[in-house]
Amino acid sequence: MRLSARMRVAVVTLVTLTSLSLAGCGAAIPADPSGTLDAVTGGTLRAGVTPNGRLMDVSDDEPSGSEADAIRAFADSLDADVEWTIGSEEALVRELENGGLDLIAGGLTDQTPWTNKAGMTRPYAEVTAQDGSTLKLVMLVPLGENAFLSRLETFLSERAKAGAR
């Protein structure tokens, strides 16, 4: 079967485009456009925290509570030190957007209003609010830093399975 010139061009174009798209498959997925996971691993995890009872107590020199413990353990899993920034949710989200933080915690729930400004982990724990309702806890990370988000979610999921919060 003999192909017309137009068909040969179409076939060559298709083969070229397929080859180019397959060449990109070697890239790590998920990826971090800003390199958060690479920067934190063996370096410093910049954690923004806002006070929230026993989840995040900021009354001492260093934050304490179940979420502070989780952040320290996550940093340890990456051979990283933790640098703490304490502030309001709004100030911390602004700092996250500007590249000054790697994650935010402090009793944030899956109903957080910040999802258009930050990536959100899957809920990793539940707590009971004073009104008796169940709240699902999340942490926030920079938008688009999917490798970092994936590593954090995996860590939090494994920690929850092990019985820690």
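If only one of Ala68, Ala27, Ala5, Ala10 is modelled with pLDDT of 95 or more and either of a type in the set (Gly, Ala, Ser) or touching a Lys or Arg at 6+ places or on another chain (Cβ under 6 Å) (or both), which one is it?
Just a single option satisfies the conditions, and that option is Ala68.
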- Task: Quick one: which strands (runs of 3 or more DSSP E) lie wholly within segment 47-148 and hold at least 1 residues that are surrounded by 14 or more Cβ atoms within 10 Å (Cβ to Cβ) and in contact (Cβ under 8 Å) with a residue 60 or more places away in the chain?
- Result: 125-128, 134-137
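The values are calculated or read from the model by the stated rules, or taken from the named source; none is laboratory data. Because the structure is a prediction, the values reported are computed rather than measured. Glycine gets a Cβ as well: all are built from the backbone with ideal geometry, and neighbour counts include every protein chain shown.
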